[in-house]
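Below is one structure; the comments refer to it alone.
The values are calculated or read from the model by the stated rules, or taken from the named source; none is laboratory data. For clarity, every value in this text was computed on a predicted model and none was experimentally measured. All Cβ positions, glycine included, derive from the backbone under ideal geometry; neighbour counts span all protein chains shown.
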Amino acid sequence: MRAVKVTYYKKAFFLLLAAIFFLTLSACTKKDKTNRKNQQENSFESDRLILGFSQIGSESAWRTRNTQSIFEAAEENNVQIIFDDAQQKQENQLKAIRSFIVYQVDVIAFVPIVETGWDNVLTEAKEAGIPVIVVDRQIDADESLYAGFLGENGFEEGYSAAFFLTQKCKNRNSRINIVEFSGTENSSVATERANGFRSLIQTDPKFYIVHSEDGDFLRSRGKEMMDRILRDNRGLYLNGEPIDVIYSHNDSMTLGLLDSLEENGISSRNVIIISIDAEQKCIDALVAGKLNCVVECNPNLGPTLMELVKKIHAGEKIPRVTYMLETIFTENDDFSTYTPRGY
Ligand code: AHR
């Protein structure tokens, strides 16, 4: 009787084990099917490489062209962009990059409005295994936190501006007073354009930077600053000294200061004006004799960005720094065969 009971319990136990085994197996198969289904569904989308791109805003025609260039190149390269416009705020950029990480995009690219404050978010991207390309402006962070930089050489741009000035003034021996309209405080480009410019003019003691002010790369600020100088000094003077040169870190501020001079009935031919970007409106002003020199800052970096994005995605290394090719336009140029800028 006891032996029968043991055999009965044994049988029941094995039946139970078998039931558990089959239930688990069918659950696994179901799960695998669902996973595969998800993978299949995703694979239609993931055919396209996904790039999370955080742009700082649309403060200038230059910036608008910069964004367009990236979108056009993405389209041509079958790259899907998840875009965020940070409205000139670093906190918005940090949020956008974090959302790209949650979304698990393939690559992140961003234009850092300022140089510092990126370490934590870049560490998060690195931990999530998402490579990052820094675009247009440089950052002050450990190099291991991002794959590389693509953009302009701001130091060179500032140096080119100074080179034009030193050549133009090579026969002048008297003191030359310079007012500088600077770009966004703590942005790499503002620092580089200031440093590049100073690196050359400081070799000649006749050049003095008598005033430097942050105009945030905005046309409205360029006008405001010029209005105030003209009002407080009753003309193109500062502390009783004539202003000989205005060095403006971008075309938007330059267009603003030109508006102000015009409104105040002052000819811009009374002062040497040097600008950076080469927007069409400033080239037109150069041709019309309202400006003396425009150093190009090339916004058309979309095609190169897509090349880098695809390389990184394919597991290849990209250069630490890729600079865009840039030129310089001056009052001495022949514009008869010139191709319009498109921005
Ligand atoms: O970072 C590039 C600069 O930013 C451009 O010179 C300017 O126009 C823009 O706002």
Search result, residues across region 279-294 that are within 13 Å of the ligand (Cβ to nearest atom) and within 19 Å of residue 180 (Cβ to Cβ): 282, 294
Restricting to region 82-121, and then to whatever is over 13 Å from the mean Cα position of the chain (by Cα) and surrounded by 21 or more Cβ atoms within 10 Å (Cβ to Cβ), can you tell me which residue is nearest to residue 216 (Cα to Cα)? 118
Determine which single condition residue 196 fails, assuming it passes every other condition in (1) within 16 Å of the ligand (Cβ to nearest atom); (2) farther than 30 Å from residue 317 by Cα. (2)
Residue 167: surrounded by fewer than 22 Cβ atoms within 10 Å (Cβ to Cβ) and assigned by TED's automatic domain parsing to the domain that holds residue 310, yes or no? no
Which pairs do you get when a residue that is free of Cβ contacts under 8 Å to residues at least 40 places away in the same chain, found in region 93-122, comes within reach of a residue that is assigned to a helix (DSSP H, G or I) and of a type in the set (Lys, Arg), reach meaning Cβ atoms under 9 angstrom, with the pair 6+ apart or on two chains? 121/98
Give the number of residues within region 271-308 that are basic (Lys, Arg) and not assigned by TED's automatic domain parsing to the domain that holds residue 209. 0
If I filter region 160-187 down to residues being part of a helix (DSSP H, G or I) and of a type in the set (Ser, Thr, Tyr), which single residue comes out as nearest to the ligand (Cβ to nearest atom)? 160
Please give the number of the condition residue 332 fails out of (1) within 14 Å of the ligand (Cβ to nearest atom); (2) without any contact (Cβ under 8 Å) to a residue 40 or more places away in the chain. (1)
